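Derivation of every value follows stated rules applied to the coordinates shown; laboratory data play no part. This one's a predicted model, so the numbers in the text were calculated from it and none came from an experiment. Counting neighbours? That spans all protein chains shown, and the Cβs are built from the backbone with ideal geometry, glycine included.
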Ligand code: F6P
C-alpha cells in the first residue's frame, strides 16, 4: 500500500487543521495509508508518528493551532537530522511526505526532497512571505485578528487623544503590517522593506494631530529597523510629543491563536487536497500555492531562502489615504 506522512512545522497558523484533514481524507480516498507526524520535523526525527483515519480529523476545521503539534527544529538543518528523518520514514515504508508550513519548514522539505524523498510543501504561515503563492494559510485570519485589536485601540485612543505604536508579527516581511495598516486606517506603516526614520514617523504623528485627528495608529512590523519600542523611545527622548500621548501595544502571538475564518479553511482544504493529487500525478519537490485564484506549484528550490516582496504601491497608497 502507498504510504504518506503529513506534518505541520514552524509557527502554527489558523487553517493548518483544515489542511491536515484534507491531506488525510484525500489521501485515504486515493488509496494511501496516511501517517500524522507529531511536533513537526522534531517528531519526524524521533519517530513520533501514527496512522490517521478519517475520523481522527473530524471536527477540526474550525479549530486554530495544529492537532499534530508543531516545533522549531534545529536538528533538521543538520545532515544527521535529515538522514535520521529519512530512516524513520523508511522504517515504516513511508516514501512520501507533505510539509505544511512556512519558509523554514519548506527549507527542511527541500533538503529531504534533495535526498530523494517525494515531498510536497503546503504554503502555511501567518507571515505570507512565501514565494509561490499569493496568500498563505493563516495570513487572512491573523490580519482579521490584528484589525479587531486596532479597531479597539482606536476607540480608547480617541477617548484620551492618544496614539499607539502597534507592533504586528511577520518576521522580516512587512506584508501583515502593510495590509493591517491599510485596512485599519493607520496614520503610518513601518515595514522592513521601506526604511523610514523615527523623525519622519514623529512628523506624521504631529501632522495627524494638527489636522484634527483624535488619535494616531502607527502599525509597525516586528522586523522593521525601528520597531515599536525604538520608535516610542525616540518619541520620548526628543520630546516629539505634540498632542498625542504615545503608547506601545505588541499584538505578538495573539495573532496566531485564532479560529480560522472561511478564507483560510477553504484555502487550506484546497492546498491540502492538491498536495496529495500532486503526489498521485508523480510531481514532488514542489510547493503548492494559489495564484490568481488558481492552484499552482513552484519548485521548492525557488521558494527556499527567498522572501515575497511587499508591493510598494500599497504603501504609497496608504500614505496618501492617511491624510
Ligand atoms: O513565522 C510565524 C511567526 O509568527 C513570525 O511572525 C514570528 O516572528 C515568529 O513566528 C515567532 O516565532 P515563535 O512562535 O517561535 O516565537
Percentage relative contact order, the chain, counting C-alpha pairs under 8 Å, at least six apart: 24
Potential extension, residue 62-residue 152 segment - 0.36 nm per residue separation minus Cα distance: 30.0 nm
Efficiency of FRET between residue 319 and residue 90 - r from beta-carbon atoms, R0 56 angstrom, step 0.05: 0.55
For segment 289-323 and segment 1-52, distance of Cα centres in Å: 28
Paramagnetic reach from residue 291 in segment 131-175 [backbone N under 13 Å; point 7 Å along Cα→Cβ]: 131-135
Evaluated over segment 19-121, the Cα radius of gyration and Dmax, each in Å: 13.1, 38
Relative packing of 48-60, 181-193, 75-87, 164-176, which averages over residues the other C-beta atoms within 10 Å, highest first: 164-176, 181-193, 75-87, 48-60
Value of relative contact order over segment 200-257, rounded to a whole percent, pairs C-alpha under 8 Å and six or more apart: 37
222 nm mean residue ellipticity, helices alone, for the chain (DSSP H n ≥ 4; -39,500 (n - 2.57); rounded to 500): -12500 deg cm²/dmol
C-alpha long axis of helix 103-114 to longest principal axis of the chain, angle in °: 30
Per-selection metrics, segment 142-256 (Cα): Rg and Dmax in Å: 12.6, 36
Rounded FRET efficiency, nearest 0.05, which uses the C-beta distance separating residue 247 from residue 77 and R0 of 35 Å: 0.35
Nearest-ten-degree value, helix 198-210 long axis tilted from longest Cα axis of the chain: 60
Degrees, to the nearest 10: 228-237 long Cα axis against longest axis of the chain: 20
